Amino acid sequence: MKNAIALLVIAVALAALPFMLTTYYLGLATKILILAIFAISLDLLVGQTGLISLGHAAYFGLSAYAIGILTTRYGTSAWIALPASICIAGVAAALFGAMPVAVRFALIRGHYRQVLNFTLDGLRQAASDVRRLRLFAAELQDASARGSPDAAPPSWVRESTARFDAGLDDDLNVSAALDGVFSLLNDANRVKARGDDAAAALVALRRMDRVLGVLEQAPQSVDAEIEALIQQRNAARAARDFSTADSLRAKLANMGIELLDGKDGVKWRRTGVKTGAPPTTAR
């Protein structure tokens, strides 16, 4: 109760500042408040994560640009522009927070010396590429079950690794390095890599990921829950309750589990890719 009263007093005092201060002191007070909020947010970030980062300042900047444009270009009242700018920054934070790996991949794939053209289409493409790489890693994991990670890599794996290394050596040209990553993916699919070849490709992909950081290590503690959900889905399909079967398949997909329906029954594999996409009919 005391905290609520204190916050209310502070809010009233801040709301009264524009009517009590001259333009100079109001501008000074605004700068002090901006720096104070930034310092508090940095303290929370370091305290919760142990990481020192100034990236969250982007959301303050976005909110500031929004309120500036709304008030100067469109003549919006400050009392309307302020909450609107907060909402805009909140939506941006939610968008980037929902797909952090995709955002990271979109940011690192360009050259650091070039101006980044960051668009929603580019973000969607980055999310699609991350999904492709994670599915590729899952497929290699399955295909290399009888292979040895110590086996000599085939020529196409060596060539892809060399292209990746050459790109990084060329002034940290990540875009060129990614050519090596996707050539590995394409060549593995072309030759239908199995056994030792798949194991060598997986070793190379994980080595590349030490730089990119887009693959996901799936936990092994939920196997029993996954098997239970699969049994429930099988029972629903047997009862021709396809709505429930689709719902369970979607739930598993959102856990990063892909179901493989075949003549020998249902198999599953981890993709590391959580998706909210609508399910396909399980008939």
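Nothing in this text is a laboratory measurement; each read-out follows from the coordinates by a stated rule. Since we're looking at a predicted model, the values are computed, not measured. Neighbour counts run over all protein chains shown; Cβ positions are idealised from the backbone, glycine included.
Details
- Whole-Hz ³J(HN,Hα) from phi, Karplus 6.51 cos²θ - 1.76 cosθ + 1.60, for the stretch 157-162, glycine and proline x: 6, 5, 5, 5, 5, 5
- Each label point was placed 7 Å from the Cα along the Cα-to-Cβ direction; for residue 207 and residue 23 their separation is 6.5 nm.
- Its DSSP H runs of at least 4 residues, each contributing -39,500 (n - 2.57), put the calculated 222 nm mean residue ellipticity of the chain at -23500 deg cm²/dmol, to the nearest 500.
- Loop trypsin sites (Lys or Arg not before Pro), the stretch 122-197, which have at most 12 other Cβ atoms in a 10 Å radius of their Cβ (DSSP): 146, 192
- Karplus (6.51, -1.76, 1.60) ³J(HN,Hα), θ = phi - 60°, over the stretch 175-192, in Hz, Gly and Pro reported as x: 4, 5, 5, 5, 4, x, 5, 6, 5, 4, 4, 5, 5, 5, 5, 5, 8, 6
- Taken along its three principal axes, the alpha carbon spread of the stretch 223-270 comes to 26, 22, 15 Å, from the longest extent down to the shortest.
- Computed over the stretch 223-270, relative contact order equals 24 percent, with contacts defined as Cα pairs under 8 Å that lie 6+ residues apart.
- The stretch 230-263-the stretch 102-156 distance, computed between alpha-carbon centres (Å): 28
- Computed from phi, the 3J(HN,Hα) profile of the stretch 117-127 under the Karplus parametrisation 6.51, -1.76, 1.60 (θ = phi - 60°) reads 9, 8, 10, 5, 5, x, 5, 5, 5, 5, 4 Hz, with x in place of Gly and Pro.
- Taking 20 Å as the straight-line reach from the Cα of residue 31, the aspartates and glutamates in range (excluding those fewer than 8 positions away in the same chain) are 43.
- Gain on full stretching of the segment that runs from residue 151 to residue 189 - 0.36 nm per residue minus C-alpha separation: 11.8 nm
- Bins of 5 Å from zero: percent of alpha-carbon pairs in the stretch 120-212: 3, 15, 25, 25, 18, 10, 4, 1, 0
- Between helix 78-98 and the chain: long-axis angle, C-alpha atoms, 0 to 90°, nearest 10: 20
- Angle between the chain longest axis and helix 223-238 axis [Cα atoms, degrees, rounded to 10]: 70
- Note on the chain: the C-alpha convex hull projects to 22.9 nm² when averaged across all orientations.
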